[in-house]
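Before any comments, here is the structure.
The values are calculated or read from the model by the stated rules, or taken from the named source; none is laboratory data. As the structure is a prediction and not an experimental result, all values here were calculated from the model. We place every Cβ from the backbone using ideal geometry, glycine too, and count neighbours over all the protein chains shown. Note: accessible area is taken over every heavy atom of the protein model, side chains too, but ligands, DNA and RNA are not part of it. Shrake-Rupley method; radii C 1.70, N 1.55, O 1.52, S 1.80 Å.
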Amino acid sequence: MNYKNIIEKVFLDTNNFPDKGIMPNYIPELANVDPAMFGVHLTTLNGENCGIGANLEKFSIQSIAKVFSLTLAYKILGEEIWKRLDVEPSGTKFDSLLLLEINNGIPRNPFVNSGAIVICDILISNLDNPKEEFLEFIRDLSDLPDLNYSDKIADSEKANGYRNVALCNFIKSFGNIKNDPTEVLDFYFDLCSLEMSCQQLSYTFTYLANGGKKITNNHKMISPSQSKRINALMLTCGFYDESGEFAFKVGLPGKSGVGGGIVAVYPNNYAIAVWSPRLNPHGNSFLGMKFLEEFTTHSELTIF
Ligand code: DON
């Protein structure tokens, strides 16, 4: 498969698309990014690489990091984890409080904000130095020893993250947050502040296309069953109330972030990352969604 030709063609076609979405404004720092940025990078399991546009530019990965925190928590706790959160699509926006009331503080899945906040609580309970140990885990997974949280982005969200504060306190009222909400939120905001490029993200996500193993040294990060389940959750819940649409149009497991990044995984083949900061009304990258739809249409390779 000549991925390079397809990526180049689809990149040019998508970039000409007239309506490109709007910049996020509820995290002020994210609105300071050049709206015209657009990059794509694909990494295959045998290490082949192909990128275009702003593929080497770092951006705020935001909710894409929820896949890494789930991976570490799942690795530590195993199936116990599902006592604290569910594995069902929410059909709601990523920061919705709606279903928590009827589900007694059990988030619908680990990718909506409420679920990712509970995962942070789990990590705090199970790690001596959660922020440092989580960072070490991603540094190893990504082979990026200098990867760090961005104070600028985290502080910008900390000063405005009222909905997340509400979510965390609301879940605490049901007893499903065990630690101090201030500490849980501080970790959550730091986790969301990580910055990576499309090239770095596509490489890092290859473990989910490779049954849970790193492609460079075959090191087992999680079991094949856990990798299958994380992929299943990305397919059904990775795009919040647009998850059905992503499965319908792209046909791959994926995860988006409000920084405009999207990662998609084609098991046993590749991981691909796309970045364009302008968002559609669901909080997912407008051009990123279009690109991936066209990419799997032209490559004719999906899990279906
Ligand atoms: O908690 C938030 O609202 C952000 N830090 C992350 C949300 C997000 O990335 C949603 N994704 N499309």
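In table form, for the structure just shown:
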{"item": "Of 41, 282, 219, the one that fluctuates the most in a GNM where the chain has Cα springs shorter than 10 Å", "result": "219"}
{"item": "Cα gyration tensor, region 137-225 - rounded (a/c under 1.5), prolate or oblate", "result": "oblate"}
{"item": "Distant-in-sequence amide H partners of residue 59 (H built 1.01 Å from N, under 5 Å)", "result": "196, 197"}
{"item": "Charge dipole (debye, nearest 20) of the chain; +1 at Cβ of Lys and Arg, -1 at Cβ of Asp and Glu", "result": "560 debye"}
{"item": "About the Cα centre, charge dipole magnitude for region 63-191 (Lys/Arg +1, Asp/Glu -1 at Cβ), debye", "result": "500 debye"}
{"item": "Count of lysine pairs in region 63-191 with Cα separation under 27 Å (8 or more residues apart, or interchain)", "result": "27"}
{"item": "Rounded accessible area per residue of region 1-66, 1.4 Å, Å²", "result": "50 Å²"}
{"item": "Overall form of region 41-133 per C-alpha gyration tensor (a/c, 1.5; a/b vs b/c)", "result": "prolate"}
{"item": "Whole-Hz ³J(HN,Hα) from phi, Karplus 6.51 cos²θ - 1.76 cosθ + 1.60, for region 251-256, glycine and proline x", "result": "x, 9, x, x, 8, 10"}
{"item": "Burial order of peptide ranges 17-30, 176-189, 255-268 (average beta-carbon count within 10 Å, highest first)", "result": "255-268, 176-189, 17-30"}
{"item": "Cα-based shape type of region 191-281, given that a ≥ b ≥ c are square roots of the gyration tensor eigenvalues and the cut on a/c is 1.5", "result": "oblate"}
{"item": "Size of the chain as Cα extents on the principal axes (Å, biggest first)", "result": "52, 40, 36"}
{"item": "Carbon/sulfur fraction of accessible area - the chain, other protein chains in place, 1.4 Å, %", "result": "50 percent"}
